[in-house]
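The values are calculated or read from the model by the stated rules, or taken from the named source; none is laboratory data. Just so it is clear, the structure is predicted and the values come from calculations on it, not from any experiment. All Cβ positions, even for glycine, are placed from backbone atoms using ideal geometry, and neighbour counts span all protein chains on display. All accessible areas refer to the heavy atoms of the entire protein, side chains included, with ligands and DNA or RNA removed. Shrake-Rupley method; radii C 1.70, N 1.55, O 1.52, S 1.80 Å.
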Amino acid sequence: MKKTPYEYFAAIALVSAMSLSIVACSKPVETAASGPAASTTVGTEIDDTVVTASVKSALLADADVKSVDVKVETRKGEVMLSGFVDSQAQIERATAITNGVAGVKSINNKMALKTADTTVGNKVDDGIVTTRVKAALLNDASIKSLDIGVVTRKGEVQLSGFVDNQGQIDKAMEVAKATEDVKAVSNEMSIKK
């Protein structure tokens, strides 16, 4: 059976796409960090995204965990859980659920207990503070702010995520503390391994 030019083109395109995906999965992700950081491949980044989505989905499916209060970030299979939750039981349940998700190699639990109930006004104020801190971090070129999660509870800001080095942690803490209406800042960031 004779192949048409279209079939040859389709075969070449398929082989080219497969070759590119193999090369892309082994290429380290480039960073513009100040100082050396552990590199990951594009494949690892995709795997981490899948793990994060799977953990978020599993937390959403559980009635005992208020998953909107839990921030999930993944780096090389290490899942960081952060945010403010109502009880120790929620922390334990979120950890157990996360542990059962395929691809999770370890869990870095950075969740904190809420100290008191919040009002609608507190939630609005906290949303404004979170936005101000995120904007201040984005405005500082020396911080890879997209790697940093920001959660606020009654003026207390929690910074979490995986960053390149201690210098970024120190700078992010400094910027957050200097932001208007921030009462306290807790560091739940980890250095990339």
Item to check | Matching residues in region 71-105 - criterion: being β-branched (V, I, T) and touching a Ser or Thr at 6+ places or on another chain (Cβ under 7 Å) | outcome: V72, T74, V79, V101, V104
Item to check | Number of the exception - A176 against (1) over 26 Å from D48 (Cα atoms); (2) in contact (Cβ under 8 Å) with a residue 24 or more places away in the chain; (3) open to solvent by 40 Å² or more (accessible area, probe 1.4 Å) | outcome: (3)
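Per-residue answers, yes or no, for (1) in contact with a helix residue (DSSP H, G or I) (Cβ under 7 Å, 6 or more places away or on another chain); (2) more than 27 Å from T179 (Cβ to Cβ); (3) surrounded by fewer than 17 Cβ atoms within 10 Å (Cβ to Cβ); (4) of a type in the set (S, T, N, Q):
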{"site": "E78", "(1), (2), (3), (4)": "no, yes, no, no"}
{"site": "S82", "(1), (2), (3), (4)": "no, no, no, yes"}
{"site": "Q90", "(1), (2), (3), (4)": "no, yes, no, yes"}
{"site": "A94", "(1), (2), (3), (4)": "yes, yes, no, no"}
{"site": "N108", "(1), (2), (3), (4)": "no, no, yes, yes"}
{"site": "T130", "(1), (2), (3), (4)": "no, no, no, yes"}
Checklist entry - Could you list, in sequence order, the residues of region 110-128 that are closer than 27 Å to I191 by Cβ and open to solvent by 60 Å² or more (accessible area, probe 1.4 Å)? => result L113
Checklist entry - Only one of (1) in contact with a Gly (Cβ under 9 Å, 6 or more places away or on another chain); (2) under 17 Å from K110 (Cβ atoms); (3) surrounded by 19 or more Cβ atoms within 10 Å (Cβ to Cβ) fails for V185. Which number is that? => result (1)
Next on the checklist: With the structure loaded, tell me whether K134 is under 29 Å from E45 (Cα atoms), of a type in the set (D, E, K, R), at pLDDT below 90 and outside any loop (DSSP other than H, G, I, E, B) or whether it fails that test.
Outcome noted: no
Item to check | Leading residue by the ranking (most open to solvent (accessible area, probe 1.4 Å)) among those in region 96-106 that are in contact with a strand residue (DSSP E or B) (Cβ under 9 Å, 6 or more places away or on another chain) and part of a loop (DSSP other than H, G, I, E, B) | outcome: K105
Checklist outcome for this item: Counted residues in region 132-162 being surrounded by fewer than 17 Cβ atoms within 10 Å (Cβ to Cβ) and either touching a helix residue (DSSP H, G or I) at 6+ places or on another chain (Cβ under 7 Å) or aliphatic (A, V, I, L, M) (or both) come to 7
Item to check | Members of region 144-193 that are part of a strand (DSSP E or B) and of a type in the set (A, V, I, L, M, F, W, C) | outcome: I148, V150, V151, V157, L159, F162, V163, A184, V185, M189, I191
